[in-house]
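Student: If you scroll down you'll find the structure; I have some questions about it.
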Amino acid sequence: MGLLTAIGHAPSALSRTFDAPPVFETARSQFTMIEPARKLSPVRLRKADGAVGVLEPRSDAVTLISIWATWCANCREDLRSLAALHRRSGKTVRILTISTDKLDREIVAQFMRELGVDDLPTFLDPLGEVAGPAPIHGNLSSALGMPITYLVQPDATIAGYITGSADWTSEAAIRLLRYYQ
């Protein structure tokens, strides 16, 4: 049983009335819907392991895409939380990360190993093509702060984002993820 099915909470009456996602917030930020909705286009990027991969959602799962950097203190906590969700959720949630570091890929990979999150699929975007202040490809931006995590629905629609570190294994996070399944 996946983590999302383990917590069987139904959306609140208010959420059902306005068809709004459940509230998911941290001490400093909250999940913010993107309006008008837009699709995430697949983009080819180098991965931390050196291979070229395609950054794209899966049609059978909600996808979380985290934009982070090794110099970002809050990114460490957020990556650990995303890794915990990754280990618990099975195939119900796909987690992809994008490092904006301009460092050598091996330094980024070493950082991930030392943090204990090297099981997270990690893409490199040192030029900000996908995750820069004015991305050339894709619809993601790190200009709002770091870390920033985008939630992408199975149909590739970017639902929204939250900045800062968040507890992705909390009941509030699980309710949000279930809403978009």
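The values are calculated or read from the model by the stated rules, or taken from the named source; none is laboratory data. Keep in mind that this is a model prediction, so the values were computed, not measured. Every residue, glycine among them, receives a Cβ derived from its backbone with ideal geometry; neighbour counts consider all protein chains shown. In case anyone asks, the SASA skips ligands and DNA or RNA and just uses the protein heavy atoms, side chains included. Shrake-Rupley method; radii C 1.70, N 1.55, O 1.52, S 1.80 Å.
Student: May I ask you to list the residues in the range 147-175 that are aliphatic (A, V, I, L, M), within 13 Å of the chain's Cα centre (by Cα) and not in a loop (DSSP other than H, G, I, E, B)?
Tutor: Once the filter is applied, which keeps residues that are aliphatic (A, V, I, L, M), within 13 Å of the chain's Cα centre (by Cα) and not in a loop (DSSP other than H, G, I, E, B), the range 147-175 yields ILE148, LEU151, VAL152, ILE158, ALA159, ILE162, ALA173.
Student: In the list THR26, THR92, THR5, which residue meets the criterion of being open to solvent by 60 Å² or more (accessible area, probe 1.4 Å), among the β-branched types (Val, Ile, Thr) and at pLDDT below 90?
Tutor: Just a single option satisfies the conditions, and that option is THR5.
Student: Would you pick out the residues in the range 60-89 that are of a type in the set (Phe, Trp, Tyr) and open to solvent by 10 Å² or more (accessible area, probe 1.4 Å)?
Tutor: Of everything in the range 60-89, just one residue is of a type in the set (Phe, Trp, Tyr) and open to solvent by 10 Å² or more (accessible area, probe 1.4 Å), namely TRP71.
Student: With a cut-off of at least 3 residues that are touching a residue at least 24 places away in the same chain (Cβ under 8 Å), name the strands (runs of 3 or more DSSP E) lying wholly within the range 19-123.
Tutor: 32-39, 43-46, 62-68, 93-99
Student: Of the residues LEU103, LEU176, only one is more than 17 Å from VAL43 (Cα to Cα) and open to solvent by 20 Å² or more (accessible area, probe 1.4 Å); which?
Tutor: Exactly one of LEU103, LEU176 is more than 17 Å from VAL43 (Cα to Cα) and open to solvent by 20 Å² or more (accessible area, probe 1.4 Å), namely LEU103.
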